[in-house]
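This is the structure I have questions about; it appears just below.
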Amino acid sequence: MKVGVLTYHSANNYGTCLQCYALMHLVEQAGYDCDVIDYRGEKLSNSPVMRKGLAAQVTDFCVRTGSRQLKRMSEKEFHSFRQKHFHLSQPVTENDLPALAKQYDLFISGSDQVWNPYICGCPGLYLQEFVQGKTRRGSYAASFGITELPQNEKERFKRDFEQFDFLAVREPEGAKIIRDLTGREAAVVLDPTLLLTAEEWREAEEPLDLKKPFIFVYMLGASSRMLRFATTLKKKTGMQLVFCPFPVGKPPVSRWYPFISPAKWLWLMRNASYVVTNSFHGTAFSLNYEKKFFVDISDNLSTLSSRITRLLSLTGQENRLIGHGAEEAIDTEIDYAPVRAALGRERERSRAYLLDMLAKSDTNGGEA
């Protein structure tokens, strides 16, 4: 059986890149051929999602420093990782999609905000409107990134969701959108990065020449509260601060790595003595690697903040929130036994959903 993954594979963003790697790896681990569909449509290239996160920070940094070379370095690192680890289809455009549909037995949309009509640029691709015939339509950990669709998109999404054979989303809010539109119950599953164990992630790592111990600060967007906490942790432990991608603001920087590959980012995460982050995937990998970690979230109830707090609640680590108990927890060791148990249960349930989708789509009786 041949599977095609539809996601934001070409965005230069650590979480986006690694969730794509994880989903592809899991499908192949189950014994199936899997391609990440290398869609090159103009609407996708110019969409907000391709300019968010690290890509936006790189552009902003390069504008401020006047360095085009630094931007090229970032693009090169991510491109090299994709070339090494992703099994990409031939480049396809919108005109190629009808023919592409005949080459696969199953398409999987997700994860990431592939169903956010405000940012994706080409929702029809991720809603699989090009799929015809016996090819199955599925999703895994797909996200809307919003709590309600705009009124003018509801009929389109309803019509397309009714054609899906399998629907699994990343957040309960997404399941509610689908339920309200179609009456169908979508499964809520773990982000694919959490389905791989720490040992499985080591296969994708590349080392950095960096002296230990260190505190890894993975910072997406400015946060004075997060910087103050990182500075306090540095003074208390005597460890150097290592920033990636940028030290936003004016922190006491020991080392910073603005343009390392996802493989080296994984090495930083696993080898850090502490992690300080305001990212969902920074939190997810901290838990997976069993780090001493601290998280800063926005005070408003954004979708990102709710994702992080749900993950902390699932694993019983609410006291790792900066400003909500983290300061008192600096000297506290994390008991990872219950964390492993909680993640293990969710991992087993989510993997079972993915494997069931693959098995039910396999018309060849298990032959890849």
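Just rank Ser224, Ser111, Ser350, fewest to most, by other beta-carbon atoms within 10 angstrom.
Ser224, Ser350, Ser111
Please give, to one decimal in nm, the separation of the simple spin-label points placed at Tyr336 and Glu28, each 7 Å out from Cα toward the Cβ.
For the pair Tyr336/Glu28, the computed spacing is 2.6 nm.
Taking the 0 to 90 degree range and rounding to the nearest ten, how far is the long axis of helix 303-315 tilted relative to the main principal axis of the chain, both from C-alpha atoms?
80 degrees
Next question, about the same structure. Quick one: order Arg351, Arg136, Arg202 by neighbouring beta-carbon count within 10 Å, fewest to most.
Lowest count first: Arg202, Arg351, Arg136.
At 222 nm, what helix-only mean residue ellipticity would the chain give, in deg cm²/dmol to the nearest 500, using -39500 (n - 2.57) for each DSSP H run of four or more?
Theoretical 222 nm ellipticity from helices: -13000 deg cm²/dmol.
Compute the angle between helix 336-361 and the longest alpha-carbon principal axis of the chain, please, reported from 0 to 90 degrees and rounded to the nearest 10.
Helix 336-361 sits at roughly 20 degrees to that axis.
Which of the three applies to the stretch 81-200, rounded, prolate or oblate, going by the alpha-carbon gyration tensor with a ≥ b ≥ c and a/c under 1.5 meaning rounded?
Because a/c hits 1.5 or more and a/b fails to exceed b/c, the stretch 81-200 counts as oblate.
Same structure again: From Cα pairs below 8 angstrom and at least 6 apart in sequence, can you work out the relative contact order of the stretch 198-332, rounded to a whole percent?
24 percent
So for Trp265, Trp115, fewest C-beta neighbours within 10 Å to most, what's the order?
Fewest-to-most Cβ neighbours within 10 Å comes out as Trp115, Trp265.
Shifting gears a bit: Using a Gaussian network model on the chain with a 10 Å cutoff between Cα atoms, which of Asp180, Asp299, Asp105 fluctuates the most?
Of the options given, Asp299 has the highest mean-square fluctuation.
Let me ask you something else. Students often get this wrong, so check it: of Lys264/Lys292; Lys84/Lys134; Lys2/Lys176; Lys2/Lys264; Lys76/Lys234, which have C-alpha atoms separated by over 24 Å?
Lys84/Lys134; Lys2/Lys176; Lys2/Lys264; Lys76/Lys234
Place a label point 7 angstrom from the Cα of Asp165 along the Cα-to-Cβ direction, then list the residues of the stretch 108-130 whose backbone nitrogen is under 20 Å away.
108-111, 125-130
Would you kindly state how much longer the chain becomes between Leu304 and Gln90 on full extension, computed as 0.36 nm times their sequence separation minus their alpha carbon distance, in nm to one decimal?
Between Leu304 and Gln90, full extension yields 73.7 nm more.
Shifting gears a bit: Which angle between 0 and 90 degrees, to the nearest 10, do you get for helix 68-85 versus the longest principal axis of the chain when only C-alpha atoms count?
60 degrees
Sticking with this structure for a sec: Relative contact order of the chain, please, whole-number percent, based on alpha carbon pairs below 8 angstrom and at least 6 residues apart.
16 percent
Another question about this same structure. Give the label of the value calculated from the structure for volume of the Cα convex hull per residue in Å³, choosing from [x] 165; [y] 119; [z] 137.
[z]
None of the figures in this text is laboratory data; all of them are computed from the coordinates on show. Here the structure is a predicted model, which is why all the values come from computation and not from measurement. Glycine gets a Cβ as well: all are built from the backbone with ideal geometry, and neighbour counts include every protein chain shown.
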